[in-house]
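The values are calculated or read from the model by the stated rules, or taken from the named source; none is laboratory data. These numbers come from a predicted model, not from an experiment. Cβ atoms come from the backbone with ideal geometry, glycine included; neighbour counts cover every protein chain shown.
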Amino acid sequence: MPSSLASAEGALTADERQTGAAVLDIGARATDLVIYEHGAIAKTEVIEFGGATLTSEIATRFGVSLAEAEFLKRNVGIAATEFLEGDELVAVPNCSHGEGTAIQRRDLARAIEACLETLWRRAGSTLGSRSLLGGVAVTGGATLLHGFGALAELRLGRPVRRAAPFGGPGAAARQAAGSRADRARTSARVPSTG
C-alpha cells in the first residue's frame, strides 16, 4: 500500500471513511489528498505544494537562507494575519553569518497566507460539493502553524481536525482535543462562515 494511502487509513476512523471524509497529508514537497465515500477511496490527488514550498517562499520573500526561513516558519509562522494579536518585530537569526535582522510578523503571516492559497484552491476544487460528514483530517508539519486548522475550515468550508496517522493508541483523541483548542483560541478573531 502506498504511504499516502496508509497515512489516510490511519488518520480516519472506519465511521469517518463510511460517512465520507478526506485526508490532506502535507509532505515536504507535495500534498496527498485522499477522499473516502461509503467506506472506500473515491478519489486521490497529488497537489504540488508542501512544507518546503512555504520555506522557499519565506526565503525568497525576506532574502534569508532556507535554514533561516525554516526557523521562521516553525517558530513564529502563523497561517493568516487574522490570527495575529497586534504586530511585532521578529528576530531572524543569521545562521551562516552570525548577524541577524528583523521582520514584521504580520509580513511573515501575509507571505504564508498567500502561499497557502494555492493549497486551498486545489484542495477545494477536488473536494467540490461532496458531502463529507466526517470532515477533513489534516496531517504534516505545515499543519502545526498557528491557526492552520481554523483557516482550513474557513477556506474548505468543512470541519477540519489535525491527525497523526501513525500516532499510536489515543492519537485521534489527542488531535481532536488539540484541534478544538486551536479553534477556541481563534474563534473570537475569525468571522463565522455560516
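Yes/no per residue for (1) aliphatic (A, V, I, L, M); (2) crowded, with 21+ Cβ neighbours inside 10 Å; (3) more than 21 Å from the chain's Cα centre (by Cα); (4) under 19 Å from GLY149 (Cα atoms):
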site: ALA21; (1), (2), (3), (4): yes, yes, no, yes
site: ARG29; (1), (2), (3), (4): no, no, no, no
site: LYS43; (1), (2), (3), (4): no, no, no, no
site: SER56; (1), (2), (3), (4): no, no, no, no
site: GLU68; (1), (2), (3), (4): no, yes, no, no
site: ALA79; (1), (2), (3), (4): yes, yes, no, yes
site: LEU84; (1), (2), (3), (4): yes, no, no, yes
Quiz item: Does VAL64 satisfy the criteria of being outside any loop (DSSP other than H, G, I, E, B) and either farther than 19 Å from VAL136 by Cβ or of a type in the set (Gly, Ala, Ser) (or both)?
Solution: no
Self-check item: Subset tally (residues that are in contact with a Phe, Trp or Tyr (Cβ under 9 Å, 6 or more places away or on another chain) and part of a strand (DSSP E or B)) for region 122-159
Solution: 2
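Looking for whichever is touching a helix residue (DSSP H, G or I) at 6+ places or on another chain (Cβ under 7 Å), of a type outside the set (A, V, I, L, M, F, W, C) and closer than 16 Å to ALA137 by Cα here; the options are ASP15, ASP25. Which one fits?
Numbers: ASP15 fails: touching a helix residue (DSSP H, G or I) at 6+ places or on another chain (Cβ under 7 Å).
So the residue among ASP15, ASP25 that is touching a helix residue (DSSP H, G or I) at 6+ places or on another chain (Cβ under 7 Å), of a type outside the set (A, V, I, L, M, F, W, C) and closer than 16 Å to ALA137 by Cα is ASP25.
From the set of residues in region 107-136 that are of a type in the set (Lys, Arg) and touching a strand residue (DSSP E or B) at 6+ places or on another chain (Cβ under 8 Å), which is surrounded by the fewest Cβ atoms within 10 Å (Cβ to Cβ)?
From region 107-136, those of a type in the set (Lys, Arg) are 110, 121-122, 130; that's our starting set.
Retained after the next criterion (residues that are touching a strand residue (DSSP E or B) at 6+ places or on another chain (Cβ under 8 Å)): 122, 130.
Values: ARG122: 17, ARG130: 14.
For region 107-136, the residue satisfying everything is ARG130.
Conditions tested, residue by residue: (1) at pLDDT 95 or above; (2) among the charged types (D, E, K, R); (3) touching a Phe, Trp or Tyr at 6+ places or on another chain (Cβ under 8 Å).
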{"position": "GLU99", "(1), (2), (3)": "no, yes, no"}
{"position": "TRP120", "(1), (2), (3)": "yes, no, no"}
{"position": "ALA163", "(1), (2), (3)": "no, no, no"}
{"position": "GLY168", "(1), (2), (3)": "no, no, no"}
{"position": "SER187", "(1), (2), (3)": "no, no, no"}
{"position": "SER192", "(1), (2), (3)": "no, no, no"}
